[in-house]
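Worksheet: the structure to be examined is printed underneath.
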Amino acid sequence: MLLALQQMCAELSDVCLLKAIDQFPGVHDGGRLLNVFDPEALFLEIHPSERSLELAAEFHRHKPDLILIGYARQCDRPRRAQAAKAGVADVLIAPFSTDEVRSTLVRAFQTRPPEIHRNLVAYLPAKPGNGASTTALHTAGTLSAVGRKVLVIDADRQNGVLALRTGVSPTHSLDEALATAHELNEGTWEYRRHRADGYDLLPTAQRPAAHGFAPWSYRRLLRFLISHYDNVLVDLGGVPADGSETFLQQARAVQLVTGADEASLFLAERRREELRALRLDELRIETVDAPARAADEAASGGLFSALRRRVLAHGHRDRRA
């Protein structure tokens, strides 16, 4: 089983297998192994002997946030309960597939309590056009003007336009940063970031996202970024379901940008329900008014202003008809 598991992990491009050990370590050696390799997740054979569960409990005590996945040829319900009590998130029963390994890992990461970053704020519109992007950019400009080191992430992976709005010609993107999150360092980040008006920008890819990323890719990326910036601001087009929800779950606050119109107020409550489904504490959801139209147009530029007038005029004619 160990060899098969190694091969499956090698097939997963976003999983890096640090070490495979073909025998249980001795008493008190588990903590030493965690200190040496510092893994995010660990696969452990659930053996008929009690040593496997003793080792699981030892790993869990030493590193409570470590994700423990068991694997076994057989594991009845009482044994699963014992494994869960020892800190094992789930148990794979042989024969299992690469897809099962990945889905089990994803579920375990999704159910782990998220780490809340005090310098991370997400911006979310109640409905498209409410001005969440403008609010994020204005906040970034204000913070950078008082000497803060600020990063803005365009996390609208389908329709993000912050590069266009800030005049940045992107050569690297959020998708690329996520794909290489495991190797980010001072040098590799230096050429991935883009400089905007006094702050850094991580734009979305120029083509709409074709696939999602695993939650560990987002967590690795955020762990690096929040240690290098005073403030990280994330602009989202809506409540995502492609993995980007990690930005919301780990943010200190989610700024829900809404307008005074009936549609905005109605959809704001729907957004709150979606955020609560992601296990966000109500205290972290802050409703803010959309920016003034004049400020929005000034930030958007002539093309967006003209486009908005044409769309609104067209909608007005439809209503009269």
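One table, with the values for the structure above:
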{"read-out": "Cross-chain or 6+ apart pairs with Cβ under 7 Å, the stretch 190-201 first and within 15 Å of ARG165 (Cβ to Cβ) and in contact (Cβ under 8 Å) with a residue 40 or more places away in the chain, then among the hydrophobic types (A, V, I, L, M, F, W, C) and assigned to a loop (DSSP other than H, G, I, E, B)", "value": "ALA196/VAL168; LEU201/VAL168"}
{"read-out": "Residue that is farthest from TRP216 (Cα to Cα), among those in the stretch 237-269 that are without any contact (Cβ under 8 Å) to a residue 40 or more places away in the chain and part of a helix (DSSP H, G or I)", "value": "GLU262"}
{"read-out": "Residue selected from the stretch 127-140 under the condition outside any helix (DSSP H, G or I) and of a type in the set (Gly, Ala, Ser), by the criterion surrounded by the most Cβ atoms within 10 Å (Cβ to Cβ)", "value": "GLY131"}
{"read-out": "Odd one out for GLY187, checked against (1) closer than 19 Å to ALA41 by Cβ; (2) without any contact (Cβ under 8 Å) to a residue 12 or more places away in the chain", "value": "(1)"}
{"read-out": "The one condition in (1) surrounded by fewer than 17 Cβ atoms within 10 Å (Cβ to Cβ); (2) in contact (Cβ under 8 Å) with a residue 24 or more places away in the chain that ASN119 fails to fulfil", "value": "(1)"}
{"read-out": "Test: residue in the stretch 231-243 that is surrounded by fewer than 21 Cβ atoms within 10 Å (Cβ to Cβ), closer than 12 Å to LEU120 by Cβ and in contact with a strand residue (DSSP E or B) (Cβ under 6 Å, 6 or more places away or on another chain)", "value": "yes"}
{"read-out": "Pairs, first closer than 21 Å to ILE93 by Cα in the stretch 49-73, second of a type in the set (A, V, I, L, M) and assigned to a helix (DSSP H, G or I), C-beta under 6 Å, six or more apart", "value": "ILE67/ALA108; LEU68/ALA56; GLY70/ALA83"}
{"read-out": "Residue ID - farthest from the chain's Cα centre (by Cα), chosen from residues in the stretch 145-162 that are buried (at least 20 other Cβ atoms within 10 Å of the Cβ) and small (Gly, Ala, Ser)", "value": "GLY160"}
{"read-out": "From VAL152, VAL146, VAL106, residue being among the aliphatic types (A, V, I, L, M), under 28 Å from ARG195 (Cβ atoms) and touching a helix residue (DSSP H, G or I) at 6+ places or on another chain (Cβ under 8 Å)", "value": "VAL152"}
{"read-out": "Count of residues meeting criterion [in contact with a Ser or Thr (Cβ under 8 Å, 6 or more places away or on another chain), closer than 14 Å to ALA132 by Cα and either modelled with pLDDT under 90 or not assigned by TED's automatic domain parsing to the domain that holds VAL161 (or both)] in the stretch 234-266", "value": "1"}
{"read-out": "Residue that is modelled with the lowest pLDDT [pool: residues in the stretch 141-155 that are closer than 29 Å to ALA214 by Cβ and assigned to a loop (DSSP other than H, G, I, E, B)]", "value": "ALA155"}
{"read-out": "Selected residue [out of contact with any Phe, Trp or Tyr (no Cβ under 9 Å at 6 or more places or on another chain), in the same structural domain as SER217 (by TED's automatic domain parsing) and either closer than 26 Å to ASP230 by Cα or at pLDDT below 95 (or both)] from PRO128, PRO95", "value": "PRO128"}
{"read-out": "Residue selected from the stretch 156-175 under the condition touching a residue at least 60 places away in the same chain (Cβ under 8 Å) and outside any helix (DSSP H, G or I), by the criterion nearest to LEU12 (Cα to Cα)", "value": "ARG157"}
{"read-out": "Hey, LEU44 touching a Leu at 6+ places or on another chain (Cβ under 7 Å), closer than 19 Å to PRO215 by Cα and touching a residue at least 24 places away in the same chain (Cβ under 8 Å) or not", "value": "no"}
{"read-out": "Candidate set from the stretch 176-209 (those that are β-branched (Val, Ile, Thr) and not in a helix (DSSP H, G or I)); member that is surrounded by the most Cβ atoms within 10 Å (Cβ to Cβ)", "value": "THR204"}
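The values are calculated or read from the model by the stated rules, or taken from the named source; none is laboratory data. The structure presented is a predicted model; accordingly, all values stated were derived computationally and were not measured. As a convention, Cβ positions derive from the backbone with ideal geometry for all residues, glycine included, and neighbour counts pool all protein chains shown.
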